[in-house]
Amino acid sequence: MTHSKGPRDDRWYLSLMSPNTKGPQFAWLDPTSIYINSTAFGDLLDDLCAELNPGQIDVVAGLDAMGFVLGAALAARLGRGFLPIRKAGKLCVETDSVSYGNYSGRTQDMEMRTPAFAPGTRVLLVDQWIETGGTMDGAIRLVERQKGTVAGLVAIAVEENDRTARYRETYSVTSAVLPGTPWQADCNAQSLGSFARYAPPRTFPTAGRSPAP
Ligand SMILES: O=P(O)(O)OC[C@H]1O[C@H](OP(=O)(O)OP(=O)(O)O)[C@H](O)[C@@H]1O
Ligand SMILES: Nc1ncnc2[nH]cnc12
């Protein structure tokens, strides 16, 4: 059930996301300023959970690294376990590995423990952001190779391109940035209107106090 949050409805927390100040070798924005604020993080999780059905999810998998934050928080809310999908070279157990490309243009490897689950296990894949979709593609391959079923994809935002259009056709995709909204248009253009009023103090932790949206 969704409870009205009054002025905190309408995904207000997206306006806390920080613009890149370091240049093109980095992602174009930093969504982690949502996580530091308890009200913002709680509202983000509420919005995502409102669209997820725990009855159709056996385990939540999070993508290294920031997908661990969102994925583990969602797993706890949904009452499901958490499976980390790691960048290569970290896991000390048997792993399956895939190569993938991402927004940076680099090719990297990611790994998942094997065996991680029984065939037919329904795996919800969670990452912080989907830009080109290359990272999520690697994770989908890892889950499907172990004969898991992708129960859905979750991210704060899914930028729109041919690959992510296929994701929306093929899987249940849940994002805080809703398709067809001005937020989605801004994400596709990789510049948020809210950057004009971005100021670090707006994102500071409030120790339980609700910040003004
Ligand atoms: O859709 P794509 O173009 O593949 O990009 C999305 C990925 O890039 C970012 O992670 P990054 O590899 O920068 O690592 P991090 O999570 O460790 O910050 C983001 O959190 C996704 O995992
Ligand atoms: N974390 C992120 N934030 C914004 N854009 C991204 N593109 C890929 N990862 C991203």
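The values are calculated or read from the model by the stated rules, or taken from the named source; none is laboratory data. Everything numeric in this text was worked out from a predicted model, so none of it was measured. Here the Cβ positions follow ideal geometry from the backbone for every residue, glycine too, while neighbour counts run over all protein chains shown. Only protein heavy atoms, including side chains, enter the accessible area calculation; ligands, DNA and RNA are left aside. Shrake-Rupley method; radii C 1.70, N 1.55, O 1.52, S 1.80 Å.
Worth pointing out:
- Rg/Rh for the range 145-190, where both radii come from Cα atoms and Rh is the Kirkwood radius: 1.03
- A simple charge model with +1 on the Cβ of Lys and Arg, -1 on the Cβ of Asp and Glu and nothing else charged puts the dipole of the chain at about 400 debye relative to its Cα centre.
- Dimensionless Rg over Rh [the range 102-144; C-alpha; Kirkwood]: 0.99
- Using the Stokes-Einstein relation with a Kirkwood hydrodynamic radius computed over Cα pairs, the translational diffusion coefficient of the chain at 20 °C and a viscosity of 1.002 mPa s comes to 121 µm²/s.
- log₁₀ of I(q)/I(0) at q = 0.11, 0.14, 0.23 Å⁻¹ - the range 1-108, Debye sum with one point per alpha carbon: -0.47, -0.74, -1.29
- Taking every DSSP bridge with both residues inside the chain, close to 35 percent are antiparallel.
- Once the 1.4 Å probe is applied to the protein heavy atoms, the chain comes out at 48 Å² accessible per residue.
- The spread of Cα positions in the range 114-165, taken along each principal axis and listed from longest to shortest, comes to 33, 17, 16 Å.
- DSSP beta bridges confined to the range 15-110 are antiparallel in about 60 percent of cases.
- Protection proxy ranking, highest mean first, for peptides 42-53, 22-33, 152-163: 152-163, 42-53, 22-33, where packing is the per-residue count of other beta-carbon atoms within 10 Å, averaged.
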